[in-house]
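Right, one structure below, let's go through it.
The values are calculated or read from the model by the stated rules, or taken from the named source; none is laboratory data. Owing to the predicted nature of the structure, the values given are computational and were not obtained by experimental measurement. Note that we place each Cβ from the backbone using ideal geometry, even for glycine, and neighbour counts take in every protein chain shown.
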């Protein structure tokens with residue numbers, strides 16, 4: 001994302017738009033707890049990387065358990081402070097129309113990166129849904145059957 005604008009300025013012509021893309025990122029709660037994501041996100045906001053869209057899987061779970069154990073900040077407000085456009089999708093499990101609309105809205109923002117908070121339930125449909133037990137561990141055939 002950071003290289004897109006200078007490469008476009010150097011190499012694009014009216015006939016050949018070689019660098020004309022967006023960068024999409026999918027991340028979760030644990031990802032946004034890392035210091036490197038804070039530094040990169042702050043820089044992206046500072047540089048106004050309007051072709052960057054981050055889909056944040058806001059399921060409230062890390063590999064260690066609930067985010068309440070270690071993560072109490074308002075991620076959306078933090079990203080607004082970084083200079084990002086922030087939107088939220090609260091019910092992606094019942095349809096993708098709101099998510100599609102949020103992505104379209106983010107793509108229309110040219111002067112700042114966008115964070116879309118997508119509220120999800122980890123392991124949706126399984127008996128261990130919403131717990132860290134489904135994070136990074138197989139749920140087995142019975143768990144798959146429950147989810148169907």
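Points worth noting:
- Within region 99-130, tally of residues that are closer than 21 Å to residue 60 by Cβ, more than 14 Å from the chain's Cα centre (by Cα), modelled with pLDDT of 85 or more and surrounded by fewer than 17 Cβ atoms within 10 Å (Cβ to Cβ): 1
- Failed condition for residue 5, given (1) closer than 27 Å to residue 136 by Cβ; (2) in a helix (DSSP H, G or I); (3) modelled with pLDDT under 95; (4) touching a helix residue (DSSP H, G or I) at 6+ places or on another chain (Cβ under 9 Å): (1)
- Hey, residue 32 outside any helix (DSSP H, G or I), under 28 Å from residue 135 (Cα atoms) and touching a residue at least 40 places away in the same chain (Cβ under 8 Å) or not: no
- Sole exception among (1) at pLDDT below 90; (2) not in a helix (DSSP H, G or I) for residue 57, by number: (1)
- Looking at 52, 43, just one residue is farther than 18 Å from residue 120 by Cβ, surrounded by 12 or more Cβ atoms within 10 Å (Cβ to Cβ), over 15 Å from the mean Cα position of the chain (by Cα) and in contact (Cβ under 8 Å) with a residue 24 or more places away in the chain, and that residue is 43.
- Of note, residue 95 does not satisfy the criterion of being at positive phi and modelled with pLDDT of 95 or more.
- Residue within region 105-113 that is touching a helix residue (DSSP H, G or I) at 6+ places or on another chain (Cβ under 6 Å) and in contact (Cβ under 8 Å) with a residue 24 or more places away in the chain present: yes
- Residue in region 77-92 that is in a helix (DSSP H, G or I), modelled with pLDDT of 95 or more, within 16 Å of the chain's Cα centre (by Cα) and crowded, with 20+ Cβ neighbours inside 10 Å present: yes
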